[in-house]
Amino acid sequence: MLNPNERIPCRIYDRASDASVAAANEIAGLIRQRAAGGDRCVLGLVSGSSPVNVYNELVRLHRDESLSFANVVTFNLDEFFPMQPFELQSVSRFMHEHLFDHVDLPESQIHLLDGSLPRDEIAAHCQKYEHAIRDHGGLDLQLLGINRAGHIGLNEPGSDRGSRTRMITLDQITRTDAASDFFGAENVPRHALTMGVGTILEAKRILLLAFGEGKAGIVKRTVEGFANASTPSTFLQDHPDVTLLLDEAAASNLMRVQSPWLLGDVTWDASTIRRAVIDLSDSTGKAILKLTDADYNEQGLQDLLAAHGSAYDINLRVFRHLQSTITGWPGGKPDHAKQAGDRPGNRDDIFPKRILLFSPHPDDDVISMGGTLIRLVDQGHEVHVAYQTSGNIAVFDEDALRYAEFVEEFCQQFGLAATGLDELADHVDTFLRNKKAGQIDSDQVQNIKGLIRRNEARQGARCCGVRDEHLHFLDLPFYQTGRVKKSPISDADLDITIDLLRRIQPHQIYAAGDLSDPHGTHRTCLSVILQSCLRCQDEPWYESAVVWFYRGAWQEWSTHQIEMAVPLSPQEVERKRQAIFKHQSQKDRALFPGSDAREFWQRAEARNAETARRYDALGLAEYAAIEGFVRWDGQSGVEL
């Protein structure tokens, strides 16, 4: 039954992988149904990160459960222009790599928009594409993704409801979102070919995928807002058979998730109570301990009062919980440092602790929890940092060239001879000066870029006081592809990680907790860590281990989620900033900046300051900054 304030039916899954399997099963069921009747199944397909696991599951069904694609006809949504079909970023190459090359789909039944045509042939090509869809009886099912601006296909804001397949100019948000695939926003084409909104809406059935917190805002606008041309995805509200498949993160802003008490009866567990009270405090502008029964009643929280007593009692319970999250001793406080009134921490009896901080890229440690890292070192713990990947694809070519020239001139200046140095210098110079946009770096260039990031990581960690011998550069194999698309996790990734865990036997493990990122490096690195922890969970040392999730580079934990809040002084904020500055290849302008145009140090400081401001507004102590952490529940985040 459709939720009364949702204009499009939504299914919410625990994980993005679950939603992907559900989509694949529906597509497979339709293919089989049409085949049983002797009919073709016409599918509209989409590229991008969201459908990757859908295609993986379809390939598995073909391989393991005899799903045949012999009766399938496909039409893809879009293509960049200009774009050759063999280029790394082309939709054609994406679809062949992820689906077409792995199933029995005849090449003659594959339809793709052609970004390699001369501009004066595009209009006729698009018209022919429309005719081909109609000649096949229309699309039986259209698979869609969505970007932060609400485009479907590449129909940018302002696209008309009745628009057809055509060339379109891409807006800045779309080009920024595509920057990681093109090794920089400046390499993203300014135009694309796309099915029109009207073409999409004529599909008999539509499935839209949206995963991750980054999609939460546009999902809310699409589902709960009114249809308008500034958000093309809202036109789906008029379709008679459309479903949004969401993970919990993408659904987090929907009213049924964010404020379920406004829609009907809810189960008032500790988490829901905490969220409701914090939301009430925010909406009224009052500190928690100032909230009254009248405030609860006016904001639709009468049932909470009825179930759990007076506002005073509820306020105090939530306030005490938030207060208990604040600690200046994230590794625990030894007896000699305790003062009257101190609350016990986790395993205070173990001091100093062995700490293992996993950093997906060479700078996530200082960006996301640099202040806490400083605290842990200064308070006497044995702190190790493990850099899971080299981060070599995120270095500008000119930086690699500059470092290579420095080494060559350094050797010349001091009369140092190195076998193969001249050949290496010639290769790097020739390769980088003739490199095409999006081209994979040679092994030599990848290694140089990796060394740049490794040196920066070492300098940043030293700034926080971490000893050189406690830095571990894992170079996990899944990352070593030289391109944005990575390999699947293998036993080699797990073996490297498990070996490090067993050697250090940490009491605390810190990991980047980007559970909402279904396909990125952070998400993959987290899965490696958690799978490794599960392999070690029966070993004696693991009994005293605790896993904490940090965030910060891309988003921050919400106040109601935080289970450990580490306050930072102005001096610690400055020291953290200096550690981030050591990553010079990411300073001023990062190769993959994401949707936030600010530098990483600016993002981190702003988010940490905002967390502190929110704690202050709720009536707790006022700090310059706070880094927030969530404790792993032992289950979530393991599977991609």
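Quick check on region 618-640: of everything there that is touching a residue at least 60 places away in the same chain (Cβ under 8 Å) and acidic (D, E), which residue is most open to solvent (accessible area, probe 1.4 Å)? The extreme case among them is E639. Residue count for region 603-617, restricted to those that are closer than 16 Å to N315 by Cβ and either basic (K, R) or crowded, with 21+ Cβ neighbours inside 10 Å (or both): 1.
Restricting Y296, Y312 to those that are farther than 30 Å from D171 by Cα, buried (at least 21 other Cβ atoms within 10 Å of the Cβ) and either among the hydroxyl-bearing types (S, T, Y) or modelled with pLDDT under 95 (or both) reduces the list to Y296. When the criteria are applied in full, V566 fails the requirement of being touching an Asp or Glu at 6+ places or on another chain (Cβ under 8 Å), closer than 23 Å to V630 by Cβ, of a type in the set (A, V, I, L, M) and part of a helix (DSSP H, G or I).
Restricting attention to region 307-341, the residues that are over 35 Å from the mean Cα position of the chain (by Cα) and farther than 13 Å from A276 by Cβ total 13.
Checking each residue in region 3-59 for being under 20 Å from the mean Cα position of the chain (by Cα) and part of a helix (DSSP H, G or I) picks out A16, S17, D18, A19, S20, V21, V52, N53, V54, Y55, N56.
The one condition from (1) buried (at least 19 other Cβ atoms within 10 Å of the Cβ); (2) assigned to a helix (DSSP H, G or I) that D282 does not meet is (1). Cβ-Cβ contacts under 8 Å between residues 6 or more apart (or on different chains), taken from a first residue in region 240-265 that is at pLDDT 90 or above to a second residue that is basic (K, R) and part of a loop (DSSP other than H, G, I, E, B), are listed as D241/K204; D241/R205; V242/R205; D247/R15.
For region 26-53, a residue qualifies if it is free of Cβ contacts under 8 Å to residues at least 40 places away in the same chain and within 29 Å of F80 (Cα to Cα), and exactly one does: A28.
If you filter region 32-50 down to residues that are hydrophobic (A, V, I, L, M, F, W, C) and surrounded by 17 or more Cβ atoms within 10 Å (Cβ to Cβ), you find that the one that is nearest to E213 (Cα to Cα) is V46. Of the residues screened, R589 is not one that is assigned to a helix (DSSP H, G or I) and either surrounded by fewer than 20 Cβ atoms within 10 Å (Cβ to Cβ) or among the basic types (K, R) (or both). Sub-7 Å Cβ pairs linking a first residue in region 335-354 that is within 17 Å of T325 (Cα to Cα) to a second residue that is polar (S, T, N, Q) and in a helix (DSSP H, G or I), at least 6 apart or interchain, are R343/S324; R347/S544, ordered by first then second residue. Scanning region 51-78 for residues that are surrounded by fewer than 23 Cβ atoms within 10 Å (Cβ to Cβ) and charged (D, E, K, R) returns E57, R60, R63, D64, E65.
The values are calculated or read from the model by the stated rules, or taken from the named source; none is laboratory data. What you see is a predicted model; the values in this text were computed from it and never measured. Ideal geometry is used to build each Cβ from the backbone, glycine not excepted, and the neighbour counts take in all protein chains shown. All accessible areas refer to the heavy atoms of the entire protein, side chains included, with ligands and DNA or RNA removed. Shrake-Rupley method; radii C 1.70, N 1.55, O 1.52, S 1.80 Å.
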